[in-house]
Amino acid sequence: MLGTAALIITLSVLDGFEKEIKEKVIAFTSHIEVRGFQNKTLSDYRQSIENLKKEIPNVKAISPFAAREGMIRFKDAVDGIYLRGIDPSIDVLTSRQHIVAGEFLSASTEGSREIVIGRKLANRLNVEVGDKLVVFALPSDNSLQPRAMQFQLAGIYESGMAEFDDIYAYTNLKDAQQLFQLGEGVSGYDVLVNDIANVDETARQIQHLLGYPHYSRTVFQLYRNLFSWIELQKKMSPILLSLIIVVATVNIIGTLLMFVLEKMKAIAILKSLGAGPKLIRKIFRLQGLAIAVSGIVLGNLLAYILCYLQLKFKIISLPSDIYYMDAAPILIRPENFIIVTIAALLLCMMTTLIPTRAASKLEPVTALRFG
């Protein structure tokens, strides 16, 4: 029961980690990010977007962005940010889903300039929705003076990933182009694909179609270390924790052998009455199977209850600056329950072979004399 429950919970947590991190990273970077070599400004982006939509079937959606590092100030508080200018009407990112105060950027560019920042940055600056902030663009090669622009804080988001909540800020594309002096150019494109399994091939097709100075990278290349860590955890943790089930199944051998020793007289009587080795093996095989099935069923129930409690009440919390989320994630997948159940059942059936064989070979005369 404990071995089955531990393995199912581990697989559910690892799947939850992968799902949460993928969703949150993609919310800030998309499936494929196309940039200019050495941060070159990409001109005529509308034509490039049309070409990608027309020529590459796996491309689901594209949105341009203008992004640079800068400084943000409110009264005496100053901090560094990474400002992304986006078009809210065609933006493919899902960061708007994490808004906890105010609203995301409006599609209309009329009126005051708007900005959205993360909760951690808002706390450091001690700002609230509606406050006026000043953003400074770092000087370019042709200018020694930083450009400044005033924005109104439209909303505050909280993704649970400290790396993004600390520095990422959003504004309208036109305002970012003006601040960074990009004219009608952009820094790059965010691309979503229909089939994430073919994202590498799609990135190569984009690179080939657009050519220099475009440079495309997938989310798995941008965050290679993070996803490599997830894959390592998914490979090693189930193997290590499956040892609990192996130990439990080996204990079934000991349990059945003890049961054989306790029932030697009964086995001898059954054999004297005409019971063959096949019937004796069947009896002890059913005994082992009963132990296995009861343990596996209880293990499945225990795993589901604990996973549900964590999903509902977030009992186990995590430091978001280390784990990219504030609670241990859970993804309940029927496949995990089925795979662990089948594997545990097969192991248990294999371990019953030794004690059942010993019971079937017992000599009735010797057993009665020993009893």
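Annotations for the structure displayed:
- Filter result (closer than 30 Å to Leu289 by Cβ and outside any helix (DSSP H, G or I)) within the range 1-30: Met1
- When Lys271 is tested against (1) surrounded by fewer than 18 Cβ atoms within 10 Å (Cβ to Cβ); (2) over 23 Å from Thr341 (Cα atoms); (3) in contact (Cβ under 8 Å) with a residue 12 or more places away in the chain, exactly one condition is not met: (1).
- Residues being at pLDDT below 80 and within 28 Å of Thr29 (Cβ to Cβ) - total across the range 234-271: 2
- Selection of helices (runs of 4 or more DSSP H) fully inside the range 200-298 by the criterion of at least 3 residues being in the same structural domain as Ser360 (by TED's automatic domain parsing) and under 36 Å from the mean Cα position of the chain (by Cα) returns 224-262.
- Ile315 being β-branched (Val, Ile, Thr), at pLDDT 90 or above, in a helix (DSSP H, G or I) and surrounded by fewer than 18 Cβ atoms within 10 Å (Cβ to Cβ): no
- Val297 out of contact with any Cys (no Cβ under 7 Å at 6 or more places or on another chain), at pLDDT below 85 and surrounded by fewer than 19 Cβ atoms within 10 Å (Cβ to Cβ): no
- Whichever residue in the range 139-186 is farther than 21 Å from Ala122 by Cα and of a type in the set (Asp, Glu) and, among such residues, is modelled with the lowest pLDDT: Asp141
- Of all residues in the range 1-38, those satisfying the criterion of being among the small types (Gly, Ala, Ser) and either out of contact with any helix residue (DSSP H, G or I) (no Cβ under 7 Å at 6 or more places or on another chain) or buried (at least 21 other Cβ atoms within 10 Å of the Cβ) (or both) are Gly3, Ala5, Ser12, Gly16, Ser30, Gly36.
- Test: Gly70 is in contact (Cβ under 8 Å) with a residue 40 or more places away in the chain, more than 30 Å from Asn126 (Cα to Cα) and not assigned by TED's automatic domain parsing to the domain that holds Tyr308: no
- Ser63 being hydroxyl-bearing (Ser, Thr, Tyr), farther than 30 Å from Val340 by Cβ and surrounded by 20 or more Cβ atoms within 10 Å (Cβ to Cβ): yes
- Restricting attention to the range 188-209, the residues that are in contact with a helix residue (DSSP H, G or I) (Cβ under 6 Å, 6 or more places away or on another chain) and farther than 17 Å from Val25 by Cβ total 1.
- Test: Leu182 is outside any strand (DSSP E or B), of a type in the set (A, V, I, L, M), more than 29 Å from the chain's Cα centre (by Cα) and closer than 20 Å to Lys54 by Cβ: no
- Residue within the range 142-158 that is crowded, with 16+ Cβ neighbours inside 10 Å, of a type in the set (Ser, Thr, Tyr) and closer than 24 Å to Gly102 by Cβ present: yes
- When each of Glu55, Glu33 is tested for being touching a Lys or Arg at 6+ places or on another chain (Cβ under 6 Å) and modelled with pLDDT of 85 or more, the lone residue that passes is Glu33.
- Residue count for the range 83-98 satisfying the condition of being over 25 Å from the mean Cα position of the chain (by Cα) and either crowded, with 20+ Cβ neighbours inside 10 Å or in contact (Cβ under 8 Å) with a residue 60 or more places away in the chain (or both): 5.
- Of all the residues in the range 326-347, those that are of a type outside the set (Phe, Trp, Tyr), under 19 Å from Leu301 (Cα atoms) and in a helix (DSSP H, G or I) number 11.
- Meets criteria (farther than 23 Å from Lys19 by Cβ, assigned by TED's automatic domain parsing to the domain that holds Leu7, surrounded by 13 or more Cβ atoms within 10 Å (Cβ to Cβ) and of a type in the set (Val, Ile, Thr)) for Thr341: no
- Note on the range 348-371: residues that are assigned to a loop (DSSP other than H, G, I, E, B) and surrounded by 13 or more Cβ atoms within 10 Å (Cβ to Cβ) amount to 2.
- Sole residue being charged (D, E, K, R) and over 22 Å from Glu163 (Cα atoms), chosen from Glu20, Glu55: Glu55
The values are calculated or read from the model by the stated rules, or taken from the named source; none is laboratory data. Here the structure is a predicted model, which means the values were calculated and not measured. Positions of Cβ are generated from backbone atoms using ideal geometry, with glycine treated the same way; all protein chains shown enter the neighbour counts.
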